[in-house]
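The values are calculated or read from the model by the stated rules, or taken from the named source; none is laboratory data. No experiment lies behind these values; they were computed from the predicted model shown. Neighbour counts run over all protein chains shown; Cβ positions are idealised from the backbone, glycine included. Accessible surface areas use protein heavy atoms only, side chains included; no ligands, DNA or RNA. Shrake-Rupley method; radii C 1.70, N 1.55, O 1.52, S 1.80 Å.
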Amino acid sequence: MDARQQELRARLAALGFDEVRFAGIAPGSLGGGLRSWLDSGYHADMDWMERTAGKRMDPGLVLAGARSVVVLGVDYHDGGRRGGDRGPVWARYSLYGDYHDAIKPALERAGALMEEVLGAGPADYRYYVDTGPVLERAWAARSGAGFIGKNAMLISRTHGNWLFLACILTRLELEPDPPLRSRGDPGAVGLLCGNCTRCLDACPTQAFPSPGVVDARRCISYQTIENRGVIPRELRPAIGARVYGCDTCLDVCPWNRFARVGRRMLLSSRGEIAGIPLKDLLELTPARFAEVFRGTAIKRIKLAGLLRNACVAAGNSGDPSLAGAVARLASHASPVVRAHAVWAARRLGAADQLGAARAAERDPEVLAEYAAAGG
Ligand code: B12
């Protein structure tokens with residue numbers, strides 16, 4: 001490989017990127033999976049996925065003349081197990097300062113290195129982490145950073161399921177790294193999964209219509225993070241104690257055994273959030289929410305989103321000591337919160353505490369919860 005590319009790789013690694021790989025952009029070769037995913041409605045109400053599909057499938061529409069992708073991975077494995085004992089369960093990635101904010105400055109520095117080391121001009125590259133119209137996992141697989149598992153994750157042989165991904169599209173022609181190979185097709189979903197189906201079997205809501213394909217409408221990650229409205233009633237029991245995202249299909253993957261604890265140079269831990277009791281979440285005020293979740297990805301779902309999720313977890317907890325806090329939320333300003341509070345109060349056998357809230361209720365969606373709850 002070109003000495004300058006080697007130097008770029010080493011300097012990006014020194015910046016804190018745990019995977020640095022290169023992929024070439026060949027026309028018309030990506031995104032077939034995305035089209036059928038959208039056509040099946042698996043994107044739920046993420047209309048932005050449909051609107052940006054053309055760009056996701058063709059990087060040339062994002063950066064005219066794009067020829068290569070620099071794929072970057074940030075390992076967030078902290079070596080610990082998260083939740084599950086009694087308290088609320090959080091997706092591991094959320095227990096850090098917001099990775100978007102953490103990785104952006106490093107991407108800026110990466111851009112400067114593209115110029116310094118490869119001689120790129122400022123218009124020769126564009127970088128994104130998560131929110132750009134880029135199929136990050138597909139590029140990561142093509143660059144050999146890992147393979148697409150049956151759980152749809154980019155699974156690395158050295159970082160397991162625990163990589164954040166970012167991409168730099170560039171007009172420069174870079175020498176690509178080879179994708180992983182085995183006896184099968186290098187692009188195949190589940191390339192190194194063998195006969196294992198643990199992720200598909202463990203999914204609490206059966207969100208995989210086929211290996212490698214997630215129906216977001218059933219995915220707990222979608223329901224607890226992206227969905228801003230009412231969570232379908234039939235999915236709520238399976239959400240268990242999860243209050244933000246879901247790692248089940250990642251956690252059960254045997255490839256995690258090979259994952260070392262990440263350097264996490266770019267990340268700052270907010271692990272203390274995992275210790276907050278569910279009762280305290282149910283009693284969060286706007287001021288306390290802002291204080292505790294400032295700088296995390298969790299703040300994006302806003303107080304109402306977190307209270308909604310906390311109500312679902314409370315309804316699943318079987319813990320009668322939460323009934324009072326839940327019943328108080330049946331009078332919350334947000335109808336979404338009220339709807340889930342009604343459900344949770346019923347599940348905790350505390351419907352008798354809802355009298356005043358019920359008498360005052362006018363919102364059709366919340367009234368539907370009272371009706372569904374049977375009283
Ligand atoms: C929309 C989205 C979601 C949606 C939909 C998930 C989904 N499966 O598509 C929801 C809200 C449900 C979600 C959930 C999660 N997400 Co999300 N999400 C995204 C986002 C913004 C777009 C993904 C997308 O395009 N989906 C559409 C489907 C069709 O595309 P795809 O899964 O990428 O599949 C393509 C490839 O698999 C490709 N392909 C398959 N095999 C091969 C082989 C080769 C060689 C090639 C070239 C291509 C290829 O074909 C598909 C279409 O082209 C990306 C960020 C981004 N910009 O890419 C993050 C991203 C995928 N999410 C991420 C994470 C961490 C999560 C969660 C783990 C969060 C959590 N703990 O709750 C869960 C995991 C759920 C799961 N099992 O997928 C990470 C994944 C990192 C990784 N190592 O894979 C990403 C990359 C964000 C980031 N920058 O780090 N997410």
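With the structure loaded, tell me whether residue 141 is within 11 Å of the ligand (Cβ to nearest atom) and either at negative phi or modelled with pLDDT of 95 or more (or both) or whether it fails that test. First the steps, then the outcome.
Values: within 11 Å of the ligand (Cβ to nearest atom): yes; either at negative phi or modelled with pLDDT of 95 or more (or both): yes.
Yes, satisfied.
Please determine whether any residue of segment 19-38 is open to solvent by 10 Å² or more (accessible area, probe 1.4 Å), among the β-branched types (Val, Ile, Thr), more than 10 Å from the ligand (Cβ to nearest atom) and in a loop (DSSP other than H, G, I, E, B).
Yes.
Of all residues in segment 319-337 being under 18 Å from residue 240 (Cβ atoms) and among the aliphatic types (A, V, I, L, M), which is surrounded by the most Cβ atoms within 10 Å (Cβ to Cβ)?
It comes out as 326.
Restricting attention to segment 82-95, which residues are modelled with pLDDT of 95 or more and either open to solvent by 10 Å² or more (accessible area, probe 1.4 Å) or of a type in the set (A, V, I, L, M, F, W, C) (or both)? Steps first, answer last, please.
Of segment 82-95, the ones modelled with pLDDT of 95 or more are 88-95.
Within segment 82-95, 89, 90, 91, 92, 93, 95 meet the criteria.
Starting from residues that are open to solvent by less than 50 Å² (accessible area, probe 1.4 Å) and not hydrophobic (A, V, I, L, M, F, W, C), keep the ones in segment 338-358 and report whichever is nearest to the chain's Cα centre (by Cα).
At the first step, the residues of segment 338-358 found to be open to solvent by less than 50 Å² (accessible area, probe 1.4 Å) are 338-345, 348, 350-351, 354-355, 357.
Next, from what is left, pick out any that are not hydrophobic (A, V, I, L, M, F, W, C): 338, 340, 355.
Working: 338: 26, 340: 23, 355: 38 Å.
Here the answer is 340.
Of all residues in segment 39-60, which are in a helix (DSSP H, G or I) and either surrounded by 16 or more Cβ atoms within 10 Å (Cβ to Cβ) or among the polar types (S, T, N, Q) (or both)?
Of all residues in segment 39-60, those in a helix (DSSP H, G or I) come to 39, 47-51, 53-57, 59-60.
Answer for segment 39-60, where residues must be in a helix (DSSP H, G or I) and either surrounded by 16 or more Cβ atoms within 10 Å (Cβ to Cβ) or among the polar types (S, T, N, Q) (or both): 49, 53, 55, 56, 57, 59.
Taking the options 245, 271, name whichever one is buried (at least 18 other Cβ atoms within 10 Å of the Cβ), under 21 Å from the mean Cα position of the chain (by Cα) and over 20 Å from residue 41 (Cβ atoms). Walk me through how you get there before you give the answer.
On the way: 271 fails: buried (at least 18 other Cβ atoms within 10 Å of the Cβ).
Sole residue among the options that is buried (at least 18 other Cβ atoms within 10 Å of the Cβ), under 21 Å from the mean Cα position of the chain (by Cα) and over 20 Å from residue 41 (Cβ atoms): 245.
Which residues, counting only those in segment 147-193, are in a loop (DSSP other than H, G, I, E, B), of a type in the set (Gly, Ala, Ser) and either within 7 Å of the ligand (Cβ to nearest atom) or surrounded by fewer than 18 Cβ atoms within 10 Å (Cβ to Cβ) (or both)? Steps first, please.
Step one: filter segment 147-193 for residues in a loop (DSSP other than H, G, I, E, B), giving 149-153, 157-159, 161-162, 171-193.
Cutting the leftovers down to of a type in the set (Gly, Ala, Ser) gives us 149, 152, 182, 184, 187-188, 190.
Listed by number, the residues that qualify are 152, 182, 184, 187, 188.
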